[in-house]
Amino acid sequence: MTATPTPTHARPRAGHDTLVVTITPSHAQAYGQCPLYFSAVYQARPPHLATRAIQRGRHVHSLIERYTRALIEGHPLGVDAVIARVPVPPAFRDGGDDEQEAIDHARVGLRGYETWLEERRFATIVAAEQYFRTPPRPVAGVDGAALVFSGRVDLVALTRDNTLALVDFKSSSILTPEALHRAPSSFVYRHLGMWAYGHDDIEISQVVPATGHEVSVRLEPGHVEAGAALCRSMMASIKEQSFPARPGAYCAYCDHAARCPAFAGRGDIASTAF
Ligand code: SF4
């Protein structure tokens, strides 16, 4: 019999009987695509090693963070000054073409961000790479578990009509407006923004800095109800360690299709964790 994997994001609460379930935007997004996929990626496996593509993306994020913090502190830095202050990821540090190519790639991303920020004309830039974590709280309909939302927001800003904008930077593709409305991650980001800033007029955005491509949405009550229902279902799944497969369009891109009984069309797929 295979041992049940220890969830990385669900821990017994010290001194309490309840299990504390932590939901991040990416966890919710993965669970919304398919509970079995979520289990495979976030429960049963050690963290992924950062590929070169991931390191490249993180580098651009670090540059944007440095650039934005300098702006917030009132001592703006130009693109080249920021690039000089943020080291290139280890995988690219060869002192030669590889390193130069990484710097050139980062420069395109940061220049794009600079242009996008100017054109966006926020009233106030509030924070860069801000980490949020709500205190545990019970959720109606899910006994024996408490919910924590946590996550990092790439950029927090106030628009000129006093909307709180929470921006997620992406390295290439972003969701359509319809998909971003329905995205479980949008629900989690919105909740984090409401909790941290007491603001209920919240805009969720995805932006590709290099191109300035942007999608921004405000969630309607129906999206909020659907997001809350998904989080309740996710808490129950984690508590019961039950992750049914939900085959759908995402299967075509799923890293775990080769190990998935639903995808292979074999056997009973309900309540099966990797
Ligand atoms: S192949 Fe499809 S059903 Fe199977 S884990 Fe992936 S997304 Fe879920």
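Throughout, read-outs are computed from the coordinates displayed, never taken from laboratory work. Because the structure is a prediction, the values reported are computed rather than measured. Note that each Cβ is placed from the backbone with ideal geometry, even for glycine, and that neighbours are counted across all protein chains shown.
If you put +1 on each Lys and Arg Cβ and -1 on each Asp and Glu Cβ, how big is the dipole of the stretch 88-181 around its Cα centre, in Debye rounded to 20?
Its charge dipole is roughly 560 debye.
Mean separation of Cα pairs under 8 Å and 6+ residues apart, divided by the residue count of the stretch 52-120: what relative contact order is that in percent? Before the final figure, lay out each step's value.
Working: 44 pairs, mean separation 25.6, N = 69.
Normalised by residue count, the contact order of the stretch 52-120 is 37 percent.
Taking Cα atoms, how many degrees apart are the long axis of helix 52-72 and the longest axis of the chain, rounded to 10 and kept between 0 and 90?
Once rounded, the angle reads 60 degrees.
Expressed as a rounded percentage, what relative contact order does the chain have, with Cα pairs under 8 Å and six or more residues apart?
22
Would you kindly derive the ³J(HN,Hα) couplings of the stretch 23-39 from the backbone phi angles with the Karplus curve 6.51 cos²θ - 1.76 cosθ + 1.60 (θ = phi - 60°), listing them in order in whole Hz, with x for Gly and Pro?
Taking θ as phi minus 60°, the curve returns 10, 9, x, 6, 4, 4, 5, 5, 5, x, 6, 5, x, 5, 4, 4, 4 Hz for the stretch 23-39.
Give the long-range amide H neighbours of GLU203: residues separated by 5 or more places, or on another chain, with amide H under 5 Å away, using H modelled in the peptide plane at 1.01 Å from N.
Those qualifying (amide H under 5 Å, at least 5 residues apart or on another chain) are LEU164, ALA165, LEU166.
Charges only on Cβ, +1 for Lys and Arg, -1 for Asp and Glu: so what's the dipole of the chain about the Cα centre, in debye to the nearest 20? Provide the component values of the computation, followed by the final result.
Working: 27 positive and 28 negative charges, 141 e Å.
Taking the Cα centre of the chain as origin, the dipole is about 680 debye.
On a full-extension model of 0.36 nm per residue, what is the gain between ASP255 and ARG85, subtracting their alpha-carbon distance, rounded to one decimal in nm?
That pair, ASP255 and ARG85, stretches by 57.6 nm at full extension.
Which loop-located trypsin sites (Lys or Arg not before Pro) does the stretch 213-255 contain, where loop means any DSSP state but H, G, I, E or B and the Cβ has at most 15 other Cβ atoms within 10 Å?
Here the trypsin sites (Lys or Arg not before Pro) that fit, given the DSSP loop and packing criteria, are ARG218.
Of ALA123, ILE174, LEU192, which is farthest on the positive side of the dipole of the chain, counting Cα position, with +1 on Lys and Arg Cβ, -1 on Asp and Glu Cβ, and the Cα centre as origin?
The residue sitting most towards the positive pole is LEU192.
How much net charge surrounds GLY141 when only other residues with a Cβ under 15 Å from its Cβ are counted (Lys, Arg +1; Asp, Glu -1)?
Local net charge: 0.
Among HIS59, HIS27, HIS213, HIS181, which comes first, second and so on when ranked by fewest other beta-carbon atoms within 10 Å?
HIS213, HIS181, HIS59, HIS27
Quick one: Cα centre-to-centre distance for the stretch 67-100 and the stretch 147-215, in angstrom?
25
How far is helix 184-197 tilted, in degrees, relative to the longest principal axis of the Cα atoms in the chain, given as a value from 0 to 90 rounded to the nearest 10?
70
Are there GluC sites (Glu not before Pro) in the stretch 53-125 that DSSP puts in a loop and that have at most 14 other Cβ atoms within 10 Å, and which ones?
Counting only loop positions with at most 14 other Cβ atoms within 10 Å, the GluC sites (Glu not before Pro) in the stretch 53-125 are GLU73.
Between THR211 and GLU118, what FRET efficiency follows from the Cβ-Cβ distance if R0 is 22 Å, with the result rounded to 0.05?
Details: r = 15 Å, r/R0 = 0.68.
Efficiency, from the Cβ-Cβ distance: 0.90.
With +1 on the Cβ of every Lys and Arg and -1 on the Cβ of every Asp and Glu, and nothing else charged, how large is the dipole of the stretch 45-204 about its Cα centre, in debye rounded to the nearest 20? The partial results should precede the final answer.
Working: 19 positive and 21 negative charges, 83 e Å.
Dipole size: approximately 400 debye.
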